[in-house]
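Read through the structure below, which is laid out as structure tokens, and then see the notes.
The values are calculated or read from the model by the stated rules, or taken from the named source; none is laboratory data. A quick note: this is a predicted structure, and the numbers were derived from the prediction, not measured. FYI the Cβ positions are ideal-geometry reconstructions off the backbone, even for glycines, and counts take in every protein chain you see.
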Amino acid sequence: MQQRTPIEEQIDLPFIESLRISFQSLKIRFGRSIITTAGITLGIAFLVSVWTNNEIGVALQESGRQSTINTFEETTEQGISTKDIWLIVMSLIVCVVGIANSMLMAVTERFREIGTMKCLGALDGFVVRLFLLESGFQGFSGALIGALIGTLGAVLLGLKDYGLDLFFYFPLLPAQPENGPMQLGVIIVILLGCILGMILAVIGSSFPAWRAAKLPPAEAMRTEV
Amino acid sequence: MNDIVVKTEDVVKEYRMGSNILRALDGINIEIERGEYISLMGPSGSGKSTLFNMIGALDRPTEGQVYIDGQNMSQLSQRQIAAFRCHRVGYIFQSYNLLHVRSAHGNVTLPMIFAGISEKERNQKAEKLLDMVGLGDRMYHLPDELSGGQRQRVAIARALANDPSIVLADEPTANLDTITGREIIDLIKRLNTEQGVTVISATHDLKMLDVSDRIVDIRDGLVERIRNRDEIEIEVGEVGGEGE
């Protein structure tokens, strides 16, 4: 058999191409992207609202104000009730499971697309990078919207409980009361919510995308959802 | 000396289905010459699509070797395999496998993006290829807005984007009506005769056999026989394009 020209190595694509392809993909499947993003938004909104609500409660309690409704009967010495901790942990779990699930579904239904891209010459790393970019953007925007919705919800609840006092003692920035636990402040809670949403979305999407990209294209294209 | 472009040596492929092992290919040896139009024929489950995947580096054989252009495919790095899929082979699938989020034009340019071709050049090439397959006026439509025949034309244009020397077509006419199927076959045959592209097609469409140089009958994961075109009689008109 004749030896033809040796097979060269596939080149890496410039980052801007990946960015362009992933944004185009998000734009065209806008409806589907919105649903996935909504999953992230809901998870983070729940978490941030519970968390912020707790921050508000602690801040107002520190200031000596008391809820007109809550009497803080369960409040521990540290200022956070076990019920609140329980709520935050639960909302965190709901958030993690919800986001991981919606990202996993969004990637699994695209296995065929991954296989096809590999047929056309995409490197495994390129496929993963596309999903990383897409999910990072979805995660951040979804989480930011969710965090704002959650904060708004907590503020409305706070208004109901504490009236306008809320705004005088609003725990916007981190604070360290003399004899109380460190307070993160609402801004940090929002920021943590955004980072958490983005990290969860990226992990939830890149891990299955990486697994799909490692498969031989024939197998990826065979996968039925 | 014959110019062999594809050679398989005792290719075996096994799939694990739970506790059972399914032997889809049971030691396949074939040689395909440059510029040939080869049809791999066999009933569903005969292993022809599996063999197609092995030749196109879309799957790895369990045992045996596949040589393309004299290169042992199992010795290539991931990057070389990606480059091989990008430059040397064009794939056409039964279910088109177009990316739904990209227009016809976007689908055709994608392999050229992977090949690092400049935007201007790839746009020109995509327009030329889509014109050639008769879709010059529907270039910016999404695949969902195109008929089955038109989608397959986009897939053909995409397969040719990086001037491959081999076109692999897996049942390209199976989802199409007789007339559209005929048009697609004519288009693929034209590539073969006019551009010298080696065509390897898995099919059980008798219309495809009519244009083939050789027909490889696959049964139970083995090559049953290899026939030259002139050894078989096909009366395409009478059969009317029914697959089996």
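With respect to (1) more than 10 Å from every other protein chain (Cβ to nearest Cβ); (2) closer than 30 Å to A:SER33 by Cα, the lone exception for B:ALA115 is condition (1). Within region A:111-133, the set of residues being within 11 Å of chain B (Cβ to nearest Cβ), touching a residue at least 40 places away in the same chain (Cβ under 8 Å) and charged (D, E, K, R) comprises A:ARG112, A:LYS118, A:ASP124. Applying the condition of being of a type in the set (Asp, Glu) and part of a helix (DSSP H, G or I) to region B:127-172 and asking which residue is nearest to B:LYS207 (Cα to Cα) yields B:ASP131.
Of all residues being acidic (Asp, Glu) and under 19 Å from the mean Cα position of the chain (by Cα) in region B:1-43, which is nearest to B:LEU206 (Cα to Cα)? Just the residue, please.
B:GLU36
Considering the conditions (1) farther than 22 Å from B:ASN107 by Cα; (2) in a helix (DSSP H, G or I); (3) over 19 Å from the mean Cα position of the chain (by Cα), B:GLU224 is excluded by exactly one of them, (2).
Applying the criterion of being within 15 Å of A:CYS119 (Cα to Cα) and part of a helix (DSSP H, G or I) to the residues of region B:51-60, the residue that is farthest from the other protein chains (Cβ to nearest Cβ) is B:ILE55.
Select from region A:1-26 the residues that are at the interface with chain B (Cβ under 8 Å from one of its Cβ atoms) and within 30 Å of A:CYS95 (Cβ to Cβ) and list them in ascending order.
A:ILE21, A:GLN24, A:SER25
Conditions (1) closer than 25 Å to A:PHE111 by Cβ; (2) β-branched (Val, Ile, Thr); (3) at pLDDT below 90; (4) buried (at least 21 other Cβ atoms within 10 Å of the Cβ), marked per residue:
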{"site": "B:MET1", "(1), (2), (3), (4)": "no, no, yes, no"}
{"site": "B:LYS13", "(1), (2), (3), (4)": "yes, no, no, yes"}
{"site": "B:GLY27", "(1), (2), (3), (4)": "no, no, no, no"}
{"site": "B:SER39", "(1), (2), (3), (4)": "no, no, no, yes"}
{"site": "B:GLN65", "(1), (2), (3), (4)": "no, no, no, no"}
{"site": "B:LEU110", "(1), (2), (3), (4)": "yes, no, no, yes"}
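Does B:ASN162 satisfy the condition of being more than 25 Å from B:ILE4 (Cα to Cα), in contact (Cβ under 8 Å) with a residue 40 or more places away in the chain and polar (S, T, N, Q)? Answer is no for this residue. Candidates in region B:69-99 are the residues that are assigned to a strand (DSSP E or B) and more than 7 Å from every other protein chain (Cβ to nearest Cβ); of these, the one that is farthest from B:ALA157 (Cα to Cα) is B:ASN72.
Sort out which residues of region A:27-50 are within 11 Å of chain B (Cβ to nearest Cβ) and either surrounded by 20 or more Cβ atoms within 10 Å (Cβ to Cβ) or of a type in the set (Lys, Arg) (or both), and write them in order of number. Hits for region A:27-50 are A:LYS27, A:ARG29, A:ARG32. Are any of the residues in region B:133-150 of a type in the set (D, E, K, R) and away from chain A (no Cβ under 14 Å)? Within region B:133-150 (the criterion being of a type in the set (D, E, K, R) and away from chain A (no Cβ under 14 Å)), the answer is yes, since at least one residue qualifies.
No other residue among B:GLU63, B:GLU31 is facing chain A (nearest Cβ under 9 Å), acidic (Asp, Glu), at negative phi and in contact with a strand residue (DSSP E or B) (Cβ under 6 Å, 6 or more places away or on another chain) apart from B:GLU31.
Being among the β-branched types (Val, Ile, Thr), in contact with an Asp or Glu (Cβ under 6 Å, 6 or more places away or on another chain) and assigned to a strand (DSSP E or B) is the requirement here; does B:VAL66 meet it? When the stated conditions are applied, B:VAL66 does not pass them.
State which residue is nearest to A:SER135 (Cα to Cα) when the search covers only region A:185-207 and only residues that are more than 13 Å from the chain's Cα centre (by Cα) and surrounded by fewer than 20 Cβ atoms within 10 Å (Cβ to Cβ). Restricting to residues being more than 13 Å from the chain's Cα centre (by Cα) and surrounded by fewer than 20 Cβ atoms within 10 Å (Cβ to Cβ), the top hit is A:PHE207.
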